[in-house]
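J.: Next up is a structure, given as C-alpha cells.
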Amino acid sequence: MRPSRQLFGPGADAYLRLALLCGAGGLLLLLVTIGAVSRSAWFYGVGVAPEQPVPFSHKHHAGELGIDCRYCHISVEHAASPGLPPTWTCMTCHSQIWTTAPMLAPVRDSLANDEPLRWKRVNRLPDYVYFNHGIHIAKGVGCSSCHGEVDRMQLTFRAKAFTMSFCITCHRAPERFVRPASEVFDMRWQPGVEQLKQGAALVRANHIRSAAELTDCSICHR
Amino acid sequence: MRPVPDDLSARLPPFLLDPREDYASVERRIARVAFDHPGWRGWWIAMTVAVGLLGVLAVSVGWLLIEGVGVWGNNIPVTWALDIVSYDWWIGIATGAFALSAASLLLGSAARSALSRIAETIAVMATVSAGIYPIIHLGRPWFFFWNLPYPNTLLLWPQFRSPLVWDAFDIVSFLGVAVSFWFVGMLPDLATLRDAAITRAREALRRAPAEARHEAPAQHGMAYVTAARLVRRAHLYGIAALGWRGSAAHWQRWAQCYRTVALFGLFTVVSLQTGAAVMYAGTVEPGWHDTMLPAEFVAGALLQGVAAVTAGAVVLRWCFGLDGLITPRHLSLLGGLMLALGLLDLYCHAASSFAVAIGTNSFEHQADARRLHGPHGWAFWGVLALAFAPVQLFWFRRCRIAPVMLLGVSLCVLAGCWCDHFVTIVDTLQHDFLPSSAQLYAIGIWGAATFLGSTGLVLSGLLLAVRYLPVLSILGTRYHLAPVGRRSNAPGPKEDGGDAPLWGVSAEFDQAGDAIAAATALRRQRLGRVDLYSPVPLSDAPDALALGSRPVWLIGIAAALLGGIGTFTMCAYATGIDYVFLIGGRPRFSWPSFVVPSLSFATVSGAVAMLLAMLVLNRLPRLNHPAFNIPGFEAATDDRFFVSVEADGDRFDPRAVEAALRMLAGRPISVARVPR
C-alpha cells in the first residue's frame, strides 16, 4: 500500500457536511427559538401573579361578594387611568370586619401612617402608548376582553400579553369584540353567533371610527 | 498615421502582461504574497493604523449608542448629514468597483485580469462599511431588523411605498450578490493556493537535508514547523475551495455561474443607485427634485469605483512588485476610464444646474446659489477641484501610465466624490421652503470620527484579504497566456498503483491541446468515463468530452423570477390587503415603488441560487476525491492538464487505456494507474 496523497481523509466530507447542516440547522433553530420565545406567555409574564403587600383576592371580592369593578376602580369609565383604590376604600369594610386579621395589618398600617400601599403593577403598557380606559369602556370594550376573568383570580395576574398585535387585532375589526353597554362589566360575556351583525350595529351606534383611522399610528402613539 | 512619439517611455507596451510570464510564474507571483508576505513590516504598520481606526469606530459607535444620533451634530432640518454622506460614498465605491469587474467580465475585456480581484474585494468591504450607516443612524439601532419583513408581534409590515425601505433590500441584496461574485471568482484561485501550499510544504521538507536530521536537528525542526504551518494553510484553503479540482464539467458550470452572477449584479447596481437617487428625487426638496439625479448617482458611483480600484491597483503593484501583471496598459485603461466617467459625471451635474438656471423656481435657484457660496461652498468647489479637474490630466497618455499620477488623482477623485455627496445632502436639507426650517449644520467631531473609523473597517478588511487571499485573480491573469505549461523532458513519476483497486488511469500533459486531443480520442474508444482537469476553463473541453450545453443559467433566471415576483406579491399583499395605511395619499397598490425592492431581491435570489446550483450540480463540496490520488495532481491548478479514464463499465482495461495513450501524437508526460 502507498501512503495516501489526499489532503483530507475519507471522513472529511462527512464532517464538512455535518458542519454545514449544523450551521444551517442551528441558524434555523435559533430563529424559530427567538420567534417562539418572543411570543411566549413566559416572555410577557402572562399568568404570573407578583407578590403583593397584601394577598388581595379579586375572586373573593369581585366574584364571591359581587362587588362591582367600579366600586374600587372609580375612574375607569371616565379617565385614562381606571384608578387604584386608596386605603380608605379598603377601610369602608375592613374598619368593620376582619379588623384584627393579621393578613390585613399592612392595610391598617397604611391608614395609620398615611402611607399608600405599594402594589406591584400587574398590567403595563410602554410609556409611548397612550391608552385611555374611558373611551374603551364607552365604546363597548369589556373588562374581560383585556384583563381576562378577573373575578376568578385568587391572586391577580396578567391575563393577556399586551403586544401591539393584541391591540391592532381589535382596532382593525372592532365589530368582532365590542359588546352592548350592559355587558361591559360582565366577566362571562363571550361573543355569540350573531356577534358580527350585533358588533357592526354597535360600531355604528357608538360611532366607532373606521379601521383605517383606528390603525393610524397617532391613535396610540402621539 | 500618427507620428511615433520621441519619448519611448510614453508609449504603451504592446502586451497586457509581461511576455515572460507563464502559468507557473503567475501563480508564484500571486501566491508569494499570501505565503511569503513580502513587505510584512509595512503590512503590520498599515494594519496597526487600520485597527486603530477601527477602535475609533468602536468608540464612536459606542458613544452613539449611549447618547443618540445628536452626537453627530445632526439637527432639524439637517437630519441626514455625515451618516448618509458616508453611506452614499461607500456604497458608491462598492457598486462602482463591482460594476467595473462585472461589466468587464460580460464584455470579455482582457484587462479585467489584474483588476477583478481588487475590484471585487473593495466592493465587498465597502458594502460592509456602507451597511452599518443605515443601521447606526436609526434612533434605536438595535431594532434595525424592523426594516425587514418578518412575522412580528407588532402586526406591522415595512412600508413598501416608502423609498426608505428600498435601502434595506438593496444593501442586503447587493451584499449577497457581491459576496457570491467574489467567492465564485475566487474558488479556483483558492484551489490553486491549496495546491501551492502542499507543494511548498513538500519543498520545505525536501530542502532540509537528510543528514541535518542528526547533525542540525534544530534546522530540520524548523523545516518541519514550516511544513506543518503550510499544511494547515492548505487545509484552510482546501476547505474554502470546497474541493475544487478543475474538472471540465466543473468549469462549464462555473463559467455560466460567474457570468450570470455578474449580470445579476449589474442589475443590482443600477437598482441600488437609482433607487437611492429616487429617494431624494421623489421628494419636492429643492436640489433633489431632479430627473437627472439617478443618472448622476450611477455616473458618480462608477467614477468612485474606478478611482478606488485604481488606488488599490497602484498600491498593490508597488508594494508587491506586481509590475509584470499590472502593466501600463491596465493603468492607461483605468486612467482613460476615470477621464470618461469624470466627464460623464460632470455632464450630469452641468445639465441639472443648467436646467435649474433656465427654470423659474426661486427655491431651486436659492439651493444652487447656496451650493456655490453658501456656508458649505467648500464642498461644491471641492467637487470641481478634486473630482472633475484632476481627471483632465488623463487626456495625456504620459499621465495615464504614471502610477504616482494615477494614485494622486484617484485619491483626489474619491475626496471630490465625498464632497459631491455632502453637497447633495447637506446643502439641500439645510434650508427648504419655510424660513423656520433653516439651520446651520457644522461637521461634528463624532461624525468625523465615525467616518474615519469606517475607513478603518474597510482598510483592515482589505489588508486581511491581501494577506491571506490571492491578491490578484490567478485564473483571470492566466486567461491571457497560451495554455502551455513548463516543458518537461524528464519522465514523470511512474506508478502502477500496486494491487489496490483501481479508480482509473490518468495521463498528465503540459499542453492543453494535447490533453484535449487525448480526451477526444479516449472518449471515442469508450473505455470508461473520461474527464479532463485543467487550471483554466478550456473552451474545447465540453466538446471533447461531449458534455452538451447544460444551461445551468436557467436555474438562476428561474430563481430570480421567483424572488422578484415573490417580493412584488409580498409588497402588493402587504400594502394593498394586510397593512392598509394612508401614507401621503398614495394609492394602495402603488406598484412603481415595489419595483426597486423586487428587482434587488430578484438579483440576489438569482445569484445565490446560481452559486448553490453550481456547487450542488458539481457535487461540491467534495474534499476527498479519488482524483486527488493522481500523482502530481497539485499541478492541475498550476500548469498541468490531466486526463483521466475512470473504471466505469465492462470495457475498462488499464492496459488498453495506456496503449491508447501511447498512440497519441502529443504524448503525455506521465501515465499512472490511480487507486480508488
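The values are calculated or read from the model by the stated rules, or taken from the named source; none is laboratory data. Predicted model, so just to flag it, every value in this text is computed and none were measured. Here the Cβ positions follow ideal geometry from the backbone for every residue, glycine too, while neighbour counts run over all protein chains shown.
J.: For the structure I just gave you, tell me whether B:Q159 is more than 15 Å from B:F601 (Cα to Cα), in the same structural domain as B:P542 (by TED's automatic domain parsing) and either surrounded by fewer than 24 Cβ atoms within 10 Å (Cβ to Cβ) or modelled with pLDDT under 95 (or both).
T.: Here the answer is no, as B:Q159 does not meet what is asked.
J.: Give me the pairs, please: first residue somewhere in region B:138-150 and not assigned by TED's automatic domain parsing to the domain that holds B:Y579 and in a helix (DSSP H, G or I), second residue anywhere and charged (D, E, K, R) and exposed (fewer than 15 other Cβ atoms within 10 Å of the Cβ), beta-carbon distance under 7 Å, and either six or more positions apart or on two chains.
T.: From residues that are not assigned by TED's automatic domain parsing to the domain that holds B:Y579 and in a helix (DSSP H, G or I), there are no pairs.
J.: Taking the condition of being within 14 Å of another protein chain (Cβ to nearest Cβ) and either of a type in the set (V, I, T) or more than 30 Å from B:L242 (Cα to Cα) (or both), how many residues in region B:159-190 meet it?
T.: 2
J.: Residues A:A19, A:A101, A:A80, A:A105: which one is within 11 Å of chain B (Cβ to nearest Cβ), surrounded by 11 or more Cβ atoms within 10 Å (Cβ to Cβ), without any contact (Cβ under 8 Å) to a residue 60 or more places away in the chain and of a type in the set (A, V, I, L, M)?
T.: Exactly one of A:A19, A:A101, A:A80, A:A105 is within 11 Å of chain B (Cβ to nearest Cβ), surrounded by 11 or more Cβ atoms within 10 Å (Cβ to Cβ), without any contact (Cβ under 8 Å) to a residue 60 or more places away in the chain and of a type in the set (A, V, I, L, M), namely A:A19.
J.: Checking B:S173 against (1) crowded, with 20+ Cβ neighbours inside 10 Å; (2) part of a loop (DSSP other than H, G, I, E, B), which test does it fail?
T.: Looking at each condition in turn, B:S173 falls short on (2).
J.: Quick test for you: out of B:V596, B:V657, pick the one residue that is more than 13 Å from chain A (Cβ to nearest Cβ), crowded, with 19+ Cβ neighbours inside 10 Å and more than 30 Å from B:W254 (Cβ to Cβ).
T.: Step by step, each of B:V596, B:V657 is checked, and only B:V596 is more than 13 Å from chain A (Cβ to nearest Cβ), crowded, with 19+ Cβ neighbours inside 10 Å and more than 30 Å from B:W254 (Cβ to Cβ).
J.: Out of B:V315, B:V306, report the one residue that is buried (at least 23 other Cβ atoms within 10 Å of the Cβ), within 30 Å of B:T477 (Cα to Cα) and either in contact with a Pro (Cβ under 9 Å, 6 or more places away or on another chain) or assigned by TED's automatic domain parsing to the domain that holds B:G92 (or both).
T.: B:V306
J.: Exactly one condition in (1) in contact with a Ser or Thr (Cβ under 8 Å, 6 or more places away or on another chain); (2) surrounded by 15 or more Cβ atoms within 10 Å (Cβ to Cβ); (3) not aromatic (F, W, Y) is not met by B:R588; state its number.
T.: (2)
J.: Here are some conditions: (1) modelled with pLDDT of 95 or more; (2) over 19 Å from the mean Cα position of the chain (by Cα). A:T100 meets all but one. Which one does it not meet?
T.: Unmet condition: (1).
J.: Can we say A:G26 is more than 14 Å from every other protein chain (Cβ to nearest Cβ) and surrounded by fewer than 15 Cβ atoms within 10 Å (Cβ to Cβ)?
T.: In short, yes.
J.: List the helices (runs of 4 or more DSSP H) that sit entirely inside region A:115-222 and contain at least 1 residues that are more than 14 Å from chain B (Cβ to nearest Cβ) and touching a residue at least 24 places away in the same chain (Cβ under 8 Å).
T.: Per the criteria, A:133-139, A:143-147, A:195-205.
J.: Then there is this: Does A:G47 meet the test of being in a helix (DSSP H, G or I), small (G, A, S) and under 30 Å from A:R158 (Cα atoms)?
T.: It is false that A:G47 is in a helix (DSSP H, G or I), small (G, A, S) and under 30 Å from A:R158 (Cα atoms).
J.: Scan (1) away from chain B (no Cβ under 13 Å); (2) assigned to a loop (DSSP other than H, G, I, E, B) for the single condition A:R39 breaks and write down its number.
T.: (1)
J.: Being over 18 Å from B:Q525 (Cα atoms) and surrounded by 19 or more Cβ atoms within 10 Å (Cβ to Cβ) is the filter here, so list the residues in region B:538-552 that pass it.
T.: If the condition is that a residue be over 18 Å from B:Q525 (Cα atoms) and surrounded by 19 or more Cβ atoms within 10 Å (Cβ to Cβ), then B:L538, B:V552 are the ones that fit.
J.: Answer yes or no: is there a residue in region B:623-645 that is assigned to a helix (DSSP H, G or I) and polar (S, T, N, Q).
T.: The answer is yes; a qualifying residue exists.
J.: While we're looking at this one, here's another question. So B:F652 ticks every box in (1) surrounded by fewer than 18 Cβ atoms within 10 Å (Cβ to Cβ); (2) part of a loop (DSSP other than H, G, I, E, B) but one. Which box is left unticked?
T.: Unmet for B:F652, out of (1) surrounded by fewer than 18 Cβ atoms within 10 Å (Cβ to Cβ); (2) part of a loop (DSSP other than H, G, I, E, B): (1).
J.: Output the residues belonging to region B:599-619 that are away from chain A (no Cβ under 13 Å) and more than 22 Å from the chain's Cα centre (by Cα).
T.: Within region B:599-619, B:L617, B:N618 qualify.
J.: Out of region B:413-445, which residues are acidic (D, E) and assigned to a helix (DSSP H, G or I)?
T.: Correct list: B:D420, B:D427.
J.: To continue, here is another question. Within region B:481-503, restricting attention to residues that are within 38 Å of the chain's Cα centre (by Cα), of a type in the set (G, A, S) and under 14 Å from B:F642 (Cβ atoms), which residue is modelled with the lowest pLDDT?
T.: So the residue we want is B:S488.
J.: Further question on the same structure: Need the failing condition index for B:S410 against (1) touching a residue at least 40 places away in the same chain (Cβ under 8 Å); (2) within 21 Å of B:A81 (Cα to Cα); (3) in a helix (DSSP H, G or I), just the number.
T.: (2)
J.: To continue, here is another question. Is it the case that B:L337 is part of a helix (DSSP H, G or I), at pLDDT 95 or above and either acidic (D, E) or crowded, with 20+ Cβ neighbours inside 10 Å (or both)?
T.: yes
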